[in-house]
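Enquirer: Just dropping this structure here.
The values are calculated or read from the model by the stated rules, or taken from the named source; none is laboratory data. Here the structure is a predicted model, which means the values were calculated and not measured. Using ideal geometry, Cβ is built from the backbone for each residue, glycine included, and neighbour counts are taken over all protein chains shown.
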Amino acid sequence: MIAALNPWLYSGIGVVAGAGLVFGGCAYAAMSPGSRLFGKALIAPSRPGELALTFDDGPNPAWTPRLLEILAGHDAHATFFLVGSFAQAEPALVRRIAAAGHLIGNHSWSHPNLALTPATKVREELLRTKEALQQMIGRPILYFRPPFGARRPAVFRIARQMAMQPVLWNAMTRDWSDPSADAIARKLMRRIDSLGQGGRATNIILHDGGHTGLGANREPSVNAAWQLLSKYKQSHRFVTLDAWGDSV
């Protein structure tokens, strides 16, 4: 009896294992910045002397102004992926970012997981943010980063239909929860040096805001950015993402 049941048992195990592999592969494709299965995105080209500082989840009236002061003090420019609802609440700060020469990108209206969001809602999130930001700064919004890096083929397709280049990253820490600027900076420095040795530029993601609401404490992230600027300003060139065109 046991011998007779074994083929069915093994078959069932195989189905479960196969489903697990499929699920794991889809999760990797939806969330990993290095995956291209669900579409290509701008990460970083083969330019080891270049660093792109990018900041997500702003604008944040508590810390974005301080970050702008630090960038100005180092004569450096960055890319800010703004949440549309926060931008609507802080239009003067959005205009200040743009006036300082920084690049502004689209980070959706309400920061949902777009891999799980219906296509009609994805389109609404991106279009509403794009139109609001363009009205504020008077120039096209050409870059889009999905919240959490989460996407599926429809997400990138919709972004491109709106003439926006999808963007991911190749250097990140959990800066949103790490209380130590030194630890954040050390991890990113190791990554920058490793990518440089491999012949790649670095697309760094930090957070000047928090997606759950305005006013998040981002002192560690902002201070880590200061450390990166101080360390690499002589040896590297800080660029905004438009310096890389559509390199993938």
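Enquirer: Go through segment 115-136 and count every residue that is within 19 Å of Leu93 (Cβ to Cβ) and surrounded by fewer than 17 Cβ atoms within 10 Å (Cβ to Cβ).
Expert: 3
Enquirer: Applying the selection to segment 151-173, what residues are farther than 25 Å from Ala185 by Cα and among the small types (Gly, Ala, Ser)?
Expert: Ala154, Ala159, Ala163 - these are the residues of segment 151-173 that are farther than 25 Å from Ala185 by Cα and among the small types (Gly, Ala, Ser).
Enquirer: Of the residues in segment 208-248, how many are among the charged types (D, E, K, R) and assigned to a helix (DSSP H, G or I)?
Expert: The qualifying residues number 3.
Enquirer: Of all residues in segment 98-117, which are of a type in the set (S, T, N, Q) and under 14 Å from the mean Cα position of the chain (by Cα)?
Expert: Asn106, Ser108, Asn113
Enquirer: What about Arg186, is it charged (D, E, K, R), without any contact (Cβ under 8 Å) to a residue 12 or more places away in the chain and either surrounded by fewer than 18 Cβ atoms within 10 Å (Cβ to Cβ) or within 16 Å of Ala78 (Cβ to Cβ) (or both)? I'd like the intermediate steps shown before the answer.
Expert: Details: charged (D, E, K, R): yes; without any contact (Cβ under 8 Å) to a residue 12 or more places away in the chain: yes; either surrounded by fewer than 18 Cβ atoms within 10 Å (Cβ to Cβ) or within 16 Å of Ala78 (Cβ to Cβ) (or both): yes.
Spelling it out, Arg186 is indeed charged (D, E, K, R), without any contact (Cβ under 8 Å) to a residue 12 or more places away in the chain and either surrounded by fewer than 18 Cβ atoms within 10 Å (Cβ to Cβ) or within 16 Å of Ala78 (Cβ to Cβ) (or both).
The rows are residues; the columns are (1) closer than 13 Å to Ala98 by Cα; (2) at pLDDT 95 or above; (3) assigned by TED's automatic domain parsing to the domain that holds Asp175.
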position: Leu42; (1), (2), (3): no, yes, no
position: Pro45; (1), (2), (3): no, yes, no
position: Thr54; (1), (2), (3): no, yes, yes
position: Asp57; (1), (2), (3): no, yes, yes
position: Pro61; (1), (2), (3): no, yes, yes
position: Arg66; (1), (2), (3): no, yes, yes
position: Ile70; (1), (2), (3): no, yes, yes
position: Gly73; (1), (2), (3): no, yes, yes
position: Thr79; (1), (2), (3): yes, yes, yes
